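Student: Here's a structure for you.
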Amino acid sequence: MRKRSIFLMLVLILEGMMCQADEGMWIPMLLKKYNIEDMQKQGFKLTAEDIYNINQASLKDAVIGLGREGSPFFHFCTGELISNEGLIVTNHHCAFDMIQSHSSLEHNYLRDGFWAKTKKDELANPGITASILVRMEDVTSRINAVLKPEMSIEERTQKIKEVSSELEKEAVKGTNLMANIKPYFNGNQYFMSVFKIYKDVRLVGAPPSAIGKFGGDTDNWMWPRHTGDFSVLRIYAGPDNEPAAYSPDNKPYQPASFFKISVKGVQEGDFTMVFGYPGTTNEYLTSFAIEQIQNIENPHKIAIRTAKLNIINAAMESDELLRIKYASKAAGIANAWKKWQGEIKGLKRFNTVAKKQREEATFQKWASNRQVYNNLLDNYQKLYEKRKDLVLAAAYLNEAGKRGAEIVGWSASVRNRMKNKNFAENPALYKQKLKKEAEEYYKDYDLNTDKKILVEMLKLYHRNLPEKWIPKEVLKSAGNKGPEAYVENLFEKSLLVDTAALFDFIDKSNAESYKKLEKDPFWKLYTSMDELYVRKIKPELDKIQSEIVRLNQVWLAGLMEMDSDKVFYADANSTLRVAYGKVQGYSPYDGAYYKHYTTLKGIMEKDNPEIYDYNVPQRLREIYQKRDFGTYAQDGEVPVCFIATNHTTGGNSGSPVLNSEGHLIGLNFDRAWDGVMSDMQYDSEICRNISVDIRYVLFIIDKLAGAGHLIDEMIIVE
Ligand code: ARG
Ligand code: ASP
């Protein structure tokens, strides 16, 4: 008996230690305190100051958070500087919208790729921002100073917002910098990030989609992988090298530091680190939350997206123009759709719910004589019980309702623009703006496809939701003629399906014209969805959610107190982080082992002109046949992708993957399907990030694009 329990304890301790290795997304300013020793033990040759230093140039100055003008602190991807003329590399899928927006049937950059011959040919991308972290600061004590235990949740939230905004203003007063405070460790700590944000980011080059998106959605989230997922951008600055709005006179930005590129290649076991902007993870969720994600939220969202994708994919297969129109939308829908499926698989395989329940039982024992924590799990349970129903209804409204068929949401955009007081005050300008927006909308819109989507969405509503969660207008569609006839009728009556008529309407409109739009059948459908949401779902759900957020804070504080020797990492929150681990293959199932890298040979093996996702560009076939690999081959083949144990998530796409010397060896772009549950539970046995090998990037730029002038800008080391 005794022996057995000692053995069990040992297993538990070992299990605990194994989870630690490779897991975590660490805060750059705290590396020195918590990680650098371990990193060096794993093979890293630089110091914490080489990574993050606010007094002189360090690697952090070469990492770019890509954002959008309205929300520059939300980094949809990461990029990195690789020349002293502001040259950046990121993923093809990160620049996909930019490439798509410059594409047409005549200039099909999506299909054929794009390479600017000179700097003059680089293409502007209005609205895209590039943030560089200047410094970070722990502001926890300043926030906590204004909080009192007796405050309600609303008061707390309000107070935090107020102080944050004061502190942010104070931090950047008199400068052109921007500051942003975010909660870490579920709101138990707060850090401020101060950025310099550049606003003129241009497209320099992108390979054809048959390289940049090779394998498409078939291979997405999969290993072995052969995607050349990269594109090249450049930051431009004003004459003083400072951020400036787009101007043809802007100059290439001269960075404080940029990455040297290593062509030495990777071996299994090599140290590797990813430096970028992971978006969101939820590593400290309770079993109650995981249970709902696994059994309610993900399955329903998957079903809704499956229905949409069936329609969109058929349209894209049928017509080249439809492929361009829907390429970006389809990729977006398919991406999360596939990830959710992998997530369910992983959570089940690792029995995450049961594992969390065991942790919760341990916690409860510890908490039984601690008043703050004693009722915590009971409270969680009650809240999640109430949440169950609401979260399903909300998923439907988001996925199948307001963002189901595009025309539904579009009707609201048009009506809201016209009702806005700007429209009445400055009609000429705002009419023109609205028309521009409409042009963009219809450029990528196909009425027949959208019609089919709407019919399917309505059917799903009827099939899967109880009547009380079905919006009134949607209920009508179940009438004796069925959703098809109902939808046909909406499209016949709407002003929004005939672009000429709509433009004419906008031209002749006045301050009252929005009222006419309020009679449009799509607006009616939209408002009926919105009403149900605003009246019945949102208030309840928001309340529950804010109570859960509060519990989450107490929960994590409790875990940290219980396990006070362990170094915890904060969930991803779209701020700059370091993940480190090693290059390593894995075993997806018994009897099989995946190698840590793939090569061009594998692309040729997948080559199939009949299958869109595997149709290799003729030029690449020729280069392969001639074996014109330049200096980019290893053991006779050009390496394409590799995997490692770095803990990454969405937003980390495009992140620099560095070797032990801090040199760039690849660009992170994905994770392997078997381990995508790493957003909720990381496991070093199976969680792998996927990177494109920098040698493949150079090979394509040099041999396929013939853009050697870009390579001349870089510093390449062994
Ligand atoms: N799965 C990757 C990430 O989450 C890449 C997505 C883009 N590629 C695609 N085939 N849709 O963003
Ligand atoms: N592909 C993701 C991204 O775009 C990365 C990931 O989720 O692993 O950020």
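The values are calculated or read from the model by the stated rules, or taken from the named source; none is laboratory data. Source: prediction; values computed, not measured. Glycine gets a Cβ as well: all are built from the backbone with ideal geometry, and neighbour counts include every protein chain shown.
Student: For region 545-579, which positions are among the small types (Gly, Ala, Ser), under 24 Å from the mean Cα position of the chain (by Cα) and either at pLDDT 95 or above or not in a helix (DSSP H, G or I) (or both)?
Tutor: Hits for region 545-579 are ALA570, ALA572, SER574, ALA579.
Student: Here is a further query. Does GLU610 satisfy being away from ligand 2 (no atom under 16 Å from the Cβ) and farther than 20 Å from PHE271 by Cα?
Tutor: Judged against the criteria, GLU610 is a match.
Student: Now a separate question. Give me the pairs, please: first residue somewhere in region 475-504 and in contact (Cβ under 8 Å) with a residue 60 or more places away in the chain and over 15 Å from VAL455 (Cα atoms), second residue anywhere and of a type in the set (A, V, I, L, M) and in a loop (DSSP other than H, G, I, E, B), beta-carbon distance under 9 Å, and either six or more positions apart or on two chains.
Tutor: Close Cβ pairs (under 9 Å, with a partner that is of a type in the set (A, V, I, L, M) and in a loop (DSSP other than H, G, I, E, B)) amount to LEU502/LEU495; LEU502/LEU496.
Student: Could you figure out which of (1) modelled with pLDDT of 95 or more; (2) surrounded by fewer than 21 Cβ atoms within 10 Å (Cβ to Cβ) isn't true of PHE259?
Tutor: Just one mismatch for PHE259, condition (2).
Student: LYS264 fails exactly one of the following numbered conditions: (1) closer than 30 Å to PHE73 by Cβ; (2) in contact with a strand residue (DSSP E or B) (Cβ under 9 Å, 6 or more places away or on another chain); (3) of a type in the set (D, E, K, R). What is the number of that condition?
Tutor: (1)
Student: Related question: Could you check SER678 against (1) within 16 Å of ligand 1 (Cβ to nearest atom); (2) surrounded by fewer than 20 Cβ atoms within 10 Å (Cβ to Cβ) and say which number it fails?
Tutor: Single failed check for SER678: (2).
Student: Within region 140-154, track down each residue that is modelled with pLDDT of 95 or more and either touching a Ser or Thr at 6+ places or on another chain (Cβ under 8 Å) or closer than 23 Å to HIS93 by Cβ (or both).
Tutor: The one that is modelled with pLDDT of 95 or more and either touching a Ser or Thr at 6+ places or on another chain (Cβ under 8 Å) or closer than 23 Å to HIS93 by Cβ (or both): ILE143.
Student: Being within 12 Å of ligand 2 (Cβ to nearest atom) and touching a Cys at 6+ places or on another chain (Cβ under 8 Å) is the filter here; which residues of region 683-714 pass it?
Tutor: Once the filter is applied, which keeps residues that are within 12 Å of ligand 2 (Cβ to nearest atom) and touching a Cys at 6+ places or on another chain (Cβ under 8 Å), region 683-714 yields ILE690, SER691, VAL692.
Student: Moving to a separate point now. Is it true that GLY404 is within 16 Å of ligand 1 (Cβ to nearest atom) and either under 17 Å from ILE453 (Cα atoms) or of a type in the set (Lys, Arg) (or both)?
Tutor: In short, no.
Student: Here are VAL455, VAL414: which of them is more than 29 Å from the chain's Cα centre (by Cα), modelled with pLDDT of 95 or more and within 23 Å of LYS493 (Cβ to Cβ)?
Tutor: Unique residue meeting the criteria: VAL455.
Student: Only residues that are within 16 Å of ligand 1 (Cβ to nearest atom) and within 12 Å of ARG234 (Cβ to Cβ): list them for region 70-88, please.
Tutor: Result: GLY79, single match.
Student: Also: Mind checking whether some residue in region 580-600 is assigned to a helix (DSSP H, G or I) and either surrounded by fewer than 22 Cβ atoms within 10 Å (Cβ to Cβ) or aliphatic (A, V, I, L, M) (or both)?
Tutor: The first filter runs over region 580-600 and keeps only residues assigned to a helix (DSSP H, G or I), leaving 600.
Adding the requirement that they be either surrounded by fewer than 22 Cβ atoms within 10 Å (Cβ to Cβ) or aliphatic (A, V, I, L, M) (or both) leaves 600.
Yes, region 580-600 contains a residue that is assigned to a helix (DSSP H, G or I) and either surrounded by fewer than 22 Cβ atoms within 10 Å (Cβ to Cβ) or aliphatic (A, V, I, L, M) (or both).
Student: Restricting to region 663-675, what's the tally of residues that are more than 11 Å from TYR586 (Cα to Cα), within 16 Å of ligand 1 (Cβ to nearest atom) and surrounded by fewer than 24 Cβ atoms within 10 Å (Cβ to Cβ)?
Tutor: Total satisfying the criteria: 1.
Student: From the residues in region 611-628 that are modelled with pLDDT of 95 or more and within 16 Å of ligand 1 (Cβ to nearest atom), which one is surrounded by the fewest Cβ atoms within 10 Å (Cβ to Cβ)? Even if it seems obvious, please write down each step before you answer.
Tutor: Narrowing region 611-628 to residues modelled with pLDDT of 95 or more: 614-628.
This time we only want the ones that are within 16 Å of ligand 1 (Cβ to nearest atom), so: 614-615.
Numbers: TYR614: 19, ASN615: 17.
The qualifying residue surrounded by the fewest Cβ atoms within 10 Å (Cβ to Cβ) is ASN615.
Student: OK, next. From the list THR645, THR631, THR575, which residue is touching a Cys at 6+ places or on another chain (Cβ under 8 Å) and either basic (Lys, Arg) or away from ligand 1 (no atom under 16 Å from the Cβ) (or both)?
Tutor: Unique residue meeting the criteria: THR645.
Student: Can you tell me which of LEU377, LEU429, LEU390, LEU434 is over 26 Å from the mean Cα position of the chain (by Cα) and closer than 30 Å to HIS300 by Cα?
Tutor: It is LEU377.
Student: Do any strands (runs of 3 or more DSSP E) entirely within region 194-281 hold 3 or more residues that are closer than 19 Å to SER131 by Cβ and within 15 Å of ligand 2 (Cβ to nearest atom), and if so, which?
Tutor: Where strands (runs of 3 or more DSSP E) fall fully within region 194-281 and carry at least 3 residues being closer than 19 Å to SER131 by Cβ and within 15 Å of ligand 2 (Cβ to nearest atom), they are 271-276.
Student: Can I ask one more? Given the conditions (1) more than 27 Å from the chain's Cα centre (by Cα); (2) buried (at least 19 other Cβ atoms within 10 Å of the Cβ), report the number of the one that ALA145 does not fulfil.
Tutor: (2)
Student: Here's a check for you: in region 644-681, which residue that is touching a strand residue (DSSP E or B) at 6+ places or on another chain (Cβ under 9 Å), polar (S, T, N, Q) and over 17 Å from TYR597 (Cα atoms) is farthest from ligand 2 (Cβ to nearest atom)?
Tutor: Only one residue fits best here, namely SER660.
Student: If you don't mind, another one. Within region 172-213, count every residue that is touching a Phe, Trp or Tyr at 6+ places or on another chain (Cβ under 6 Å) and within 16 Å of ligand 1 (Cβ to nearest atom).
Tutor: 1
Student: Another one. Tell me, which helices (runs of 4 or more DSSP H) wholly within region 307-416 include 2 or more residues that are within 16 Å of ligand 2 (Cβ to nearest atom), charged (D, E, K, R) and buried (at least 19 other Cβ atoms within 10 Å of the Cβ)?
Tutor: In region 307-416, the matching helices (runs of 4 or more DSSP H) lie at 320-349.
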